[in-house]
Amino acid sequence: MISPLAYIHPEAKIGNNVEIAPFVFIDKNVVIGDNNKIMANVNILYGSRIGNGNTIFPGAVIGAIPQDLKFRGEETTAEIGDNNLIRENVTINRGTAAKGKTIVGSNNLLMEGVHVAHDALIGNGCIVGNSTKMAGEIIIDDNAIISASVLMHQFCRVGGYVMIQGGSRFSKDIPPYIIAGREPIAYCGINIVGLRRRGFSNEMIENIHNAYRIIYQSGLNISEALEEVQKEIPMSPEIEYIISFIKDSSRGIIR
């Protein structure tokens, strides 16, 4: 299962049933779990932690030092969960002193050429399209879909269950359950198809839709709109998520 043409540092820890193709480089201080498939010309560098059942395609680089001039060689990690598909030429940098680690959760698809910068946090069940670039300390919540060639400014957060149009760029947060697109990027309605596919009831979809009508179409400022949502919309974990996401947004949300 391990090609003699691969280099594995003697201090690296490799789990069971791991397939390692020719010309793979695995550095010291690397931990790789069970049932992973690592294709040719992958580099897994110092500080990488990889779970179980992942497939890493040719040319990917995991755990390279951050592209941050403040980095001073501190001990940090790049942590990847289980059952991810990491396609060709994906780069995932390790963390800095800011957070100490970059995290990619489980069951994600990172398509060709995606860049995940230092201290980023990607949740579970996300799809990230070709050549999308994520700057440092971004957060992507679970089940987000980000299309190709999207540019994310540092410190931005993307809510769960969103759909972001290809080629978009943004420097504000994108709240959950919506479609974001156009130029400049803006709210384009809720992600009805995605929510139905994920099993959201018609009643819940309508409540989410009504909440965003108040937030985006009532003419109220954000604080007033959130107060109105709390008065008018039946509370549920989904509505509370919308409210807390927007209240906690330090960069503000797209309009």
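Read the figures in this text as sums done on the coordinates, not as results from a lab. Everything numeric here is computed off the predicted structure, so don't read it as measured data. In this analysis, Cβ positions are derived from the backbone assuming ideal geometry, glycine residues included, and neighbour counts consider all displayed protein chains.
Among the residues of the stretch 18-67, what is the count of those that are of a type in the set (K, R) and touching a strand residue (DSSP E or B) at 6+ places or on another chain (Cβ under 9 Å)?
2
Does the stretch 219-239 include one or more residues that are touching an Asp or Glu at 6+ places or on another chain (Cβ under 7 Å), free of Cβ contacts under 8 Å to residues at least 60 places away in the same chain and part of a helix (DSSP H, G or I)?
There is no residue in the stretch 219-239 that is touching an Asp or Glu at 6+ places or on another chain (Cβ under 7 Å), free of Cβ contacts under 8 Å to residues at least 60 places away in the same chain and part of a helix (DSSP H, G or I).
Would it be correct to say that F71 is in a loop (DSSP other than H, G, I, E, B), touching a residue at least 24 places away in the same chain (Cβ under 8 Å) and farther than 16 Å from S106 by Cβ?
When the stated conditions are applied, F71 passes them.
Take the residues in the stretch 56-79 that are charged (D, E, K, R) and surrounded by 17 or more Cβ atoms within 10 Å (Cβ to Cβ); name whichever of them is nearest to the chain's Cα centre (by Cα). Give the steps one after another, and end with the answer.
Pass one, the stretch 56-79, residues charged (D, E, K, R): 68, 70, 72, 74-75, 79.
Among the residues that remain, those that are also surrounded by 17 or more Cβ atoms within 10 Å (Cβ to Cβ) are: 68, 79.
Details: D68: 19, E79: 12 Å.
Restricting to residues being charged (D, E, K, R) and surrounded by 17 or more Cβ atoms within 10 Å (Cβ to Cβ), the top hit is E79.
Residues being closer than 21 Å to P58 by Cβ and in a strand (DSSP E or B): count how many of those fall in the stretch 83-101.
5
Return yes when A120 is touching a Ser or Thr at 6+ places or on another chain (Cβ under 6 Å) and within 26 Å of G59 (Cα to Cα) and no when it is not.
When the stated conditions are applied, A120 passes them.
Condition first: surrounded by fewer than 16 Cβ atoms within 10 Å (Cβ to Cβ) and not aliphatic (A, V, I, L, M). Now tell me which residues in the stretch 229-247 satisfy that.
Q230, K231, E232, P234, S236, P237, E240, S244, K247 - these are the residues of the stretch 229-247 that are surrounded by fewer than 16 Cβ atoms within 10 Å (Cβ to Cβ) and not aliphatic (A, V, I, L, M).
Please work out which residue is surrounded by the most Cβ atoms within 10 Å (Cβ to Cβ), limiting yourself to the stretch 147-177 and to residues that are in a loop (DSSP other than H, G, I, E, B) and in contact with a Leu (Cβ under 7 Å, 6 or more places away or on another chain). Don't jump to the end; show me each part of the working.
If we filter the stretch 147-177 for residues that are in a loop (DSSP other than H, G, I, E, B), which is where we start, we get 147-150, 153-156, 159-162, 165-168, 171-172, 175-177.
Then drop every residue that is not in contact with a Leu (Cβ under 7 Å, 6 or more places away or on another chain), which leaves 161, 177.
Numbers: Y161: 23, Y177: 28.
Among them, the one singled out is Y177.
Hey, can you tell me all the residues within the stretch 9-31 that are farther than 17 Å from G51 by Cα and among the β-branched types (V, I, T)? I'd like the intermediate steps shown before the answer.
As a first pass, look at the stretch 9-31 and keep what is farther than 17 Å from G51 by Cα: 9-11, 21-25.
Matches in the stretch 9-31: V24 only.
Given the conditions (1) within 19 Å of the chain's Cα centre (by Cα); (2) in a helix (DSSP H, G or I); (3) exposed (fewer than 13 other Cβ atoms within 10 Å of the Cβ), report the number of the one that S250 does not fulfil.
Result: S250 fails condition (2) only.
Quick test for you: out of D173, D248, pick the one residue that is touching a strand residue (DSSP E or B) at 6+ places or on another chain (Cβ under 6 Å) and within 25 Å of K101 (Cα to Cα).
Among D173, D248, only D173 is touching a strand residue (DSSP E or B) at 6+ places or on another chain (Cβ under 6 Å) and within 25 Å of K101 (Cα to Cα).
Quick one: G199 ticks every box in (1) surrounded by fewer than 20 Cβ atoms within 10 Å (Cβ to Cβ); (2) not in a loop (DSSP other than H, G, I, E, B) bar one, so which box is it?
(2)
Consider A144 carefully, then state whether it is within 17 Å of F245 (Cβ to Cβ) and crowded, with 18+ Cβ neighbours inside 10 Å.
Yes, satisfied.
Buried (at least 20 other Cβ atoms within 10 Å of the Cβ), over 21 Å from K99 (Cβ atoms) and touching a Phe, Trp or Tyr at 6+ places or on another chain (Cβ under 9 Å), is that true of Y187?
Against the criterion (buried (at least 20 other Cβ atoms within 10 Å of the Cβ), over 21 Å from K99 (Cβ atoms) and touching a Phe, Trp or Tyr at 6+ places or on another chain (Cβ under 9 Å)), Y187 does not qualify.
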